[in-house]
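Each remark here refers to the structure printed beneath this line.
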Amino acid sequence: MHLLDAIMHHGYVATAVILFVAACGVPLPLSLVLLTAGAAAHAGTLSFPTLVACAVIAGVCGDTLMYFGGRFTGWWLLAGLCRLSVNPETCIFGSARSFYKRGPRTLLFAKFVPGLATVAAPLAGSLYMRPSRFLRLDLLGVTFYVLTWTTLGYFFSHALRTLTAWVIGFGHVTAAMFTTLFVLYLLYLIIATLRDTRFTTVERVAAVELRQRLSLHKAHERVVVIADVRSHGYYDPKATRIKNSIRIEPNRLREELSALREFMAPECDIYLYCSCAHDATSVRVAKVLEQENCHTKVIRGGLRAWVKAGGEVEPVPHSEMEHLPRFE
């Protein structure tokens with residue numbers, strides 16, 4: 001049974017459940033669902049006003065749940081939503097900056113923006129927007145989003161049915177196209193990996209190995225510097241870092257190099273750590289430091305691996321925190 005049949009047979013419930021689940025962070029093709037629901041309403045299977053009401057209520061309920069999740073868990077929920085991102089901290093802070101720059105009215109169009117649609121509600125909660133204000137703006141935004149797609153589906157239902165029939169009839173062509181795109185994407189990843197392997201001399205070290213070295217380190221040996229290069233821009237009040245590590249801001253690396261010369265002597269070993277997938281930020285910073293003739297290594301697995309290895313941590317200094325204003 002394809003999507004159109006599912007919506008026609010289980011219209012209100014199916015649409016409401018999908019809107020609610022998507023609002024809770026599950027990636028689903030909402031626009032296609034609403035287009036199909038609008039087409040079903042045009043066919044007389046569903047009542048258009050009832051359909052819109054069910055979709056709006058479900059979407060607002062899901063957003064409200066995420067809003068309070070962000071309000072009570074802070075950046076923990078956002079970190080979970082951004083976990084699939086290559087750099088979770090950039091995902092969190094970049095979205096927050098964008099959200100705050102445009103103000104609470106971001107909720108009016110957030111559903112139309114991929115990525116922002118998922119984090120807008122918990123961001124509003126973590127930035128302490130008043131519940132009444134959030135509900136008012138979110139209701140308007142969700143209503144506008146639902147009406148836009150269901151109305152398009154209602155008035156272009158014939159075209160939607162034709163397109164669906166065409167896709168089914170030429171399914172093998174569609175599959176071949178997606179297969180080709182997938183293969184090209186894999187080739188791109190392979191080429192990018194080979195390129196990085198060929199031109200990168202970044203060394204990696206296990207957290208356990210570094211701990212052992214530090215425990216046996218002697219005063220006359222090379223100076224060991226551990227640098228936090230997480231792309232945070234904001235730290236949660238309970239955030240920690242490796243004990244005695246210094247801060248290198250990767251987004252202002254060129255500007256900070258002059259202030260870090262004292263740590264970049266040839267007799268100094270710099271170990272970098274972050275918390276992104278594949279140590280992406282650490283590797284990027286290491287490449288730049290290598291150009292400064294700095295002996296640099298990346299701690300494999302970053303802060304998480306260090307904690308798992310039993311390494312000591314300390315609270316992030318208050319002076320290094322950057323707090324976003326609250327929508328109060």
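Coordinate-derived values only; no laboratory data. Values in this document were obtained by computation on a predicted structure and should not be read as measured data. Cβ placement follows ideal geometry from the backbone for every residue including glycine, while neighbour counts extend to all protein chains displayed.
Observations
- For Leu257 and His295, the difference between the fully extended length at 0.36 nm per residue and the C-alpha to C-alpha distance is 12.2 nm.
- Pairs exceeding 26 Å between alpha-carbon atoms, taken from Lys101/Lys308; Lys218/Lys297; Lys238/Lys287; Lys101/Lys297: Lys101/Lys308; Lys238/Lys287; Lys101/Lys297.
- Using the Cβ-Cβ distance between Ser319 and Phe156 with R0 set to 56 Å, the FRET efficiency works out to roughly 0.50.
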